[in-house]
Amino acid sequence: MSGQNLPRGGVDFISQNPQNFHQVIKQYGIQESKFFSIKVEIFSDLADRIQKEVWQDKDYEEILKQLERGESVTNYSLEPQSKLLLFKDRVLIPGNEEIQLNIPQKHHDSPLAGHPGQEKTLKLIKRDFHCAGMNQFIKDYVSSCQKC
């Protein structure tokens, strides 16, 4: 980015309108690969743990077998490279409490997230992840945050 500062409006534009992300990246000459490498680095360990847990979870055993055979399963798919199980194009989070806790920690507590509150945290998480009972879990998590 050659030391150029983005105007505050540009940053808000990305966070509020992620569908326009590529337009902003082009406008300010940011190398997409650098931005995505940061996101991948933050979530790569978590993705590995999610993938291992889902593949060991008996609840998803039959779905995974069907997808591996190339069969279609309503609302489910398998991400080809990572082998993450997707539900409606979002990463399916298994019933592992540690993993479930890591999701709001990374989307709410991290310095990059900045404690965005219940609704925004939920919106950020639901963009990429699916988990049974997620709405209530996230609301409880954020409401117990002492910094908020």
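Of Lys52/Lys106; Lys52/Lys147; Lys58/Lys147; Lys65/Lys139; Lys58/Lys88, which sit over 31 Å apart, Cα to Cα? Table pairs above 31 Å Cα-Cα are Lys52/Lys147; Lys58/Lys147; Lys65/Lys139. Full extension of the chain segment joining Glu98 with Lys126 gains 8.3 nm, where the gain is 0.36 nm per residue of separation less the Cα-Cα distance.
Counted by Cβ distance under 15 Å from Val142, the other residues give a net charge of +3, where Lys and Arg count +1 and Asp and Glu count -1. Here Cys148 and Glu61 are evaluated by their C-beta separation; at R0 = 30 Å the FRET efficiency comes out at 0.20.
Values quoted throughout were computed directly from the atomic coordinates according to the rules given, and no laboratory measurement underlies them. As the structure is a prediction and not an experimental result, all values here were calculated from the model. Note that each Cβ is placed from the backbone with ideal geometry, even for glycine, and that neighbours are counted across all protein chains shown.
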